[in-house]
């Protein structure tokens, strides 16, 4: 495994801990060599030490996704026993010649190699081009041409482009040097067990599929709320914003899981094709159906976005997005999908809330049916992973009166908690050649198409009312108005986190 950007934050905080977890569970290949490539002035020993220091900083920290009690020496040696560091400029042919020479020395690994681009997105195209130029994507196929004797694969982080045009340009560039089956466009959100479980919930349970359509569902809300601000990512955020950072990738993946048709099988081609159908059916969002926001100061001395490091004091970059989307197909005609994502909100929660249409309440004359909460199916992704159903029962007593109750399943009650930061499943899938949880070129381009008009409109107009929501709140008032115009309302983020 060759990691470009070996000295970077992503490598230290997420990739190496994920590899450590794979080694702990016995899923790391018997022959495994880790090669770091970066411009930083390091050697193998100093790189190994820096990785070890980061791992040890996670010990005992429950807030850390790694959740480790100690660094097991045998596991660490297994992971870093064949570690090398190659210093060089990403734009220099000499770096790739050195990498090729080192790979030739690792002949007992069978020639298999995973290239991981943990680097700034502006380098994605150039690095893939250099790898192709150096012949590092070449695979020797068997006589039938069905299976390579050794494989070469590349993992490309997000953002994959900044709009539809740049995504198409990047796809064209990398596909000149590598085949689609070698390219893994990663979204670590899909590595979460609760995200993958959406398909199991839908397609392994006969009770849900008959009601999973426009006849029974009123609308769907998808919430990805964070309590943190941009922290040290001010420079990145100024060029990206909440929409580009979260919507065409994380949030749309959740939407696709909910809206996709049943695949013929759970192989990569079948699942990705059904997701692609959803993206193709998504109507391009009109600017009138999108709301943006930017957090201002909050309680306890919390600063606003414009006061963050590396942020323009007059910045018009959004830290919050809300949208109404339409899936133009038979199953979802007339069912709006609402999504929202933002920073410095009241609680950290990622949830898909499916609201069902009400039943006829005519028999319940003594119940104020207008005051009854609606029926909801709640798919809770994080931090409390689970599934909940809100429905009506009879309140105890002599009068027939309805009351809303809640039935909940929590993963923690049924399954032991394993160290998992979301990358383990995805890295393992790359090693085994399973592209199910990775985007194809056409899928990426379609998601950018859906938000294209909104991005173009926002690029022309600098909002005059920023900041328009306080840190620690549920977002701007305009987001409430987006649903209120059709007589609907967002589920409270505080209630989401409580499971109400």
>> For the stretch 119-126, check the following and say yes or no: at least one residue is farther than 20 Å from residue 439 by Cβ and either surrounded by fewer than 15 Cβ atoms within 10 Å (Cβ to Cβ) or out of contact with any helix residue (DSSP H, G or I) (no Cβ under 6 Å at 6 or more places or on another chain) (or both).
In response: yes
> Taking the stretch 388-405, which residues are surrounded by fewer than 18 Cβ atoms within 10 Å (Cβ to Cβ) and at pLDDT 90 or above?
Replying inline: 389
> Could you list, in sequence order, the residues of the stretch 136-146 that are surrounded by fewer than 11 Cβ atoms within 10 Å (Cβ to Cβ) and either farther than 29 Å from residue 91 by Cβ or modelled with pLDDT of 95 or more (or both)?
Replying inline: 142, 143, 144, 145, 146
> Name the residues in the stretch 213-233 that are crowded, with 18+ Cβ neighbours inside 10 Å and outside any loop (DSSP other than H, G, I, E, B), would you?
Replying inline: 217, 219, 220, 221, 222, 223, 224, 225
> Only one of 94, 118, 104, 84 is free of Cβ contacts under 8 Å to residues at least 60 places away in the same chain, assigned by TED's automatic domain parsing to the domain that holds residue 26 and touching a strand residue (DSSP E or B) at 6+ places or on another chain (Cβ under 6 Å); which?
Replying inline: 84
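Which of the residues that make up the stretch 1-46 are assigned to a helix (DSSP H, G or I) and either in contact (Cβ under 8 Å) with a residue 60 or more places away in the chain or in contact with a strand residue (DSSP E or B) (Cβ under 6 Å, 6 or more places away or on another chain) (or both)?
Answer for the stretch 1-46, where residues must be assigned to a helix (DSSP H, G or I) and either in contact (Cβ under 8 Å) with a residue 60 or more places away in the chain or in contact with a strand residue (DSSP E or B) (Cβ under 6 Å, 6 or more places away or on another chain) (or both): 10, 11, 14, 15, 16, 17, 18, 19, 21, 22, 24, 44.
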> Can residue 458 be described as on the phi < 0 side of the Ramachandran plot, in a loop (DSSP other than H, G, I, E, B), in contact (Cβ under 8 Å) with a residue 60 or more places away in the chain and surrounded by 15 or more Cβ atoms within 10 Å (Cβ to Cβ)?
Replying inline: no
> Given the conditions (1) over 30 Å from residue 335 (Cα atoms); (2) in contact with a strand residue (DSSP E or B) (Cβ under 7 Å, 6 or more places away or on another chain); (3) surrounded by fewer than 17 Cβ atoms within 10 Å (Cβ to Cβ), and given that residue 296 satisfies all but one, which numbered condition is not satisfied?
Replying inline: (3)
> Among the residues of the stretch 423-455 satisfying the criterion of being surrounded by fewer than 17 Cβ atoms within 10 Å (Cβ to Cβ) and within 26 Å of residue 225 (Cα to Cα), which is nearest to the chain's Cα centre (by Cα)?
Replying inline: 452
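The values are calculated or read from the model by the stated rules, or taken from the named source; none is laboratory data. Small disclaimer: the values here were computed from a predicted structure and weren't measured. Positions of Cβ are generated from backbone atoms using ideal geometry, with glycine treated the same way; all protein chains shown enter the neighbour counts.
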